[in-house]
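Below you'll find the structure I mean.
Read-outs: derived from the displayed coordinates by stated rules, not from any lab. Treat the numbers as computed from the prediction; the structure is a model and nothing was measured. When we count neighbours, we look across all protein chains shown, and the Cβ atoms used for this are built from the backbone with ideal geometry, even at glycine.
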C-alpha cells in the first residue's frame, strides 16, 4: 500500500495528541522514496523524558500503535528519549543515528 502525505499527517497528529513528542522522524524506505508495495512506515519518536521502570518503552510503543487506530498502514515505531538520542547520534550503525542522518522530520516541537 502506498502512503500519502495525508496518511503521514494523520499519523503525526495522532502521535502528537498522544505523547507530545519533541520530534517525529520518518526513516527507512518511505524517507528514501523507494518503498515497495509491502513496506511499512518507520517512525522515530523522540520524547523529552527518559524511560524508567514506571514508564516502560514497550508500553509507550504499544500506546502509540493503538493510537494509529484505523490508519490502514503497517508501522514500525521506535521511541527514544532526548538523552538516548544524543548518546546514539554519533554511532555509525545504530538505527537511531541512521534515522537522524537519513530521515525526514515530520514534526518538531517549537
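Considering Cα pairs under 8 angstrom that are at least six residues apart, work out the relative contact order of the chain and quote it in whole percent.
Relative CO of the chain lands at 37 percent.
Please list 6-18, 30-42 highest first by mean number of surrounding beta-carbon atoms within 10 Å per residue.
6-18, 30-42
Determine the calculated [θ] at 222 nm for the chain from helices alone, applying -39500 (n - 2.57) to every DSSP H run no shorter than 4 residues and normalising by the residue count; nearest 500 deg cm²/dmol.
-11500 deg cm²/dmol
Here is a further query. Residue 95 to residue 110: extension gain in nm, 0.36 nm per residue of separation minus the Cα-Cα distance?
That works out to 2.9 nm of additional length.
Kirkwood-based Rg over Rh for the stretch 1-66 (C-alpha set), two decimals?
Ratio of gyration radius to Kirkwood radius for the stretch 1-66: 1.00.
So for the chain, Kirkwood radius off the Cα pairs, Stokes-Einstein at 4 °C and 1.567 mPa s: how many µm² s⁻¹?
Translational diffusion coefficient: 91 µm²/s.
If you take the beta carbon distance between residue 34 and residue 76 as r and set R0 to 22 Å, what does 1/(1 + (r/R0)^6) give as a FRET efficiency, to the nearest 0.05?
It comes to 0.85.
Further question on the same structure: Nearest 5 percent is fine: what portion of the DSSP beta bridges confined to the stretch 5-108 is antiparallel?
Antiparallel bridges make up about 60 percent of those DSSP assigns within the stretch 5-108.
Just to be sure I understand the model, the point goes 7 Å from the Cα along the line to the Cβ. What's the resulting residue 18 to residue 4 distance in nm?
For residue 18 paired with residue 4, the spin-label model returns 2.2 nm.
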